[in-house]
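None of the figures in this text is laboratory data; all of them are computed from the coordinates on show. Note that the structure is predicted; figures quoted are calculated from it, not measured.
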Amino acid sequence: MEQSSVIRAAIVVALAALLDAVVVPYLTFGFFSPRLTLIAVVFAVAPLRDLQAVLLGFFGGILLDALGSNLFGVGALGGLLAAMLASRASAVRRRGSERVLLAQVAGLAVAGYDLLGYTARWLAGLGVPQLGEYAVGGVLPDALINALLAFLVGGWLLNVVNSNPPRGWEK
């Protein structure tokens, strides 16, 4: 992979973190809010090598922590989780089905991020809802809607990050 794709991926993740800080607070409904940074991490690290993917996921998570209002460290762990899942999923993907697979990975990453945030708030002694109520009313819809959002914008994100267009025989 060329160096420009790593730079493009970092710019995409940084812009998503900025949008997460500025726009997403107005789009929050109950337990649901779009997780643009995690979606961007999943699609940006897909064509990268494992170490680059993990470092970019950590970078995106730290930006999410620094610009967000959650407990510090939850975003970094969520970004690492998203990058590791996307890196493993990109190793087995087939041409043409990568957007569907990465949208599922984005849903899993969002569910993991929500559960990490719940656990961190519980361990810190902050008020948390019942786990069953939060899982059914918060984690599941959040993961499904973010997976749908990832599916809708995923093809565009893959085209932005991929600097090498596929050759004729790779299409």
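Per residue, the convex hull spanned by the Cα atoms of region 93-161 measures out at 96 cubic angstrom.
Quotient of the Cα radius of gyration of the chain and 2.2 N^0.38 Å, N being its number of residues: 1.01. By the helix-only formula, in which each DSSP H run with n ≥ 4 contributes -39500 (n - 2.57) and the sum is divided by residues, the chain has a 222 nm mean residue ellipticity of -23500 deg cm²/dmol.
At full extension, L51 and F31 could sit 4.0 nm farther apart than now, given 0.36 nm per residue minus the alpha carbon distance.
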